[in-house]
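Every number here is computed from the coordinates shown, using simple stated rules; none is lab data. Please read these numbers as outputs of a predicted model, since none were measured by experiment. All Cβ positions, glycine included, derive from the backbone under ideal geometry; neighbour counts span all protein chains shown.
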Amino acid sequence: MRERIAAWLGNVGKGAKQNADPGLLGALRVFGLLYGRIDRTVPIDQSLRQSWSRRLPANVDWKHAFGGIAYFLFMILVVSGVLLTFYYRPSVDEAYPSIQFIVSEAPFGWLLRDMHVWAASLIVVALAAHMARILFAGAYKSPRVTSWFVGLALFAVVVVFGVTGYLLPWDQWAYWATAEFTSGIEQIPLIGGMVAMFMRGDRIVSSATLSRFFALHVIVLPWLAFGLISLHFVIIRGHGIAGSEQTPDGEGTPFYPNHLMRIIVVSVFLIAVVGTLAALFPRPVGDPATPFNAPDELVSTWVLVDVTVALLHFLGSAGIVVALLLVIAVALVPLFDRKPQTDLRSRPVVAILGVVLFAGFILAWVVGHQVGATVDAGTIPQELLDERAVPPMPAPTFDVEAGGGASGEEATEEVVE
């Protein structure tokens, strides 16, 4: 019996090798488990061996793992986010109770939610480290300029992911952080009012805002992110990793097993880190959101909120403007630094911009987390709150002469019911 099963499995495997389309190996690229080109003219097993035998530039080592780390964190966010949507309900009446159910009653819901929260911060740090390596190594130079700008677009998408997801718990911290943010956007001349109105869908953060943020977070942004990731991978494989031009054929680091083992080690390590952080430092949940009572302070759970708090605390709105200008200057570096030299000493302006940006990011993150944020109760104008206030229930009236009235106590009980 055992021999028959072994023979049957052998025939199945032989048939799969002969008839399976090598294009199926493209699925391995989604998880970063394949780097070489796929040869469709040979059987699938030979195509896999050929792809794995491709060599990477000799300079590829652990410092090149930050892009893969960011991608794996994105996959953690996707998986945990999909599982969270099984229980989350995007309405002002049910959002907060559904979060309470996730963290207290759903099986391992608390772990999934906190892994999602921690991965959202860690992916920003990983992308910043990846961007720093590219900038300081000069890997943005031609022919990889397009890859640089696609990567920046991915970074922007991750930021929008964080902004839209931050409101979804619908607690006081999430509500008022979003209110403060959109109020700041509203102060931008010319376009600020339109952008803030588009984000909120209302004059204040309300159910319309929650619906828009949820739709962007779970429908629009994932498709945009996967499209940009695919384009980024195609460009990288087309031009090769920076340094491949100086690596002769047959030399360098083999993808299998050297680089593949790095991928596995980093993936296991990341799962352990994210799970440990989620278990030891869970994200607290504030009181239910209400526009009528501002909290005494905002508890930040996202790295960019800490950075924003530090900038506003010490520099005011000018800090945000300076930070944006610095980011734009670094983003446009490939358009001005066209010389082939990649030595950092030959690019002092780039070095200064990079050090100021990334050192400032780390400093603002640490300081902002320590400072804490206070809420301006005047963020939402009082006249708008008065419009949304529920009018008091009128006192019951009784027609005694008609004989159908009830005693005051009985009538009150009927109204309450």
For this session: Report the calculated FRET efficiency for PHE108 and TRP62 (r = Cβ-Cβ distance, R0 = 22 Å), to the nearest 0.05.
Result: 0.10
For this session: Please work out the Cα convex hull volume for the chain and give it in Å³ per residue.
Result: 235 Å³
For this session: Tell me what the chain gives for mean residue ellipticity at 222 nm when only DSSP H runs of n ≥ 4 count, each as -39,500 (n - 2.57), the sum divided by the residue total, rounded to 500 deg cm²/dmol.
Result: -20000 deg cm²/dmol
Exercise. Once you put a point 7 Å from the Cα of LEU332 and another 7 Å from the Cα of HIS369, both along the Cβ direction, what distance in nm separates them?
Worked result: 3.3 nm
For this session: Would you calculate the separation in nanometres between label points at MET75 and ALA153, each defined as 7 Å from the Cα along the Cα-to-beta-carbon direction?
Result: 2.3 nm
Exercise. Which value in nm describes the separation of the simple spin-label points at ALA318 and ARG89, placed 7 Å from the Cα toward the beta carbon?
Worked result: 4.9 nm
Problem set entry | Qualifying chymotrypsin sites (Phe, Trp or Tyr not before Pro) for segment 231-325 [loop in DSSP, other Cβ within 10 Å: at most 15] | PHE292
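Using the per-residue mean of other Cβ atoms lying within 10 Å as a proxy for protection, in what order, highest first, do the peptides 315-326, 83-94, 171-182 fall?
171-182, 83-94, 315-326
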For this session: Quote the convex hull volume per residue of segment 1-145, based on C-alpha atoms, as a whole number of Å³.
Result: 218 Å³
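Taking 0.36 nm per residue of sequence separation and subtracting the Cα-Cα distance, how much length would be gained by fully extending the chain between MET261 and LEU28, in nm to one decimal?
Result: 82.4 nm gained on full extension.
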Seminar exercise, completed: Taking Cα atoms, the helix 95-104 axis meets the longest principal axis of the chain at an angle in degrees (rounded to 10) of 60 degrees
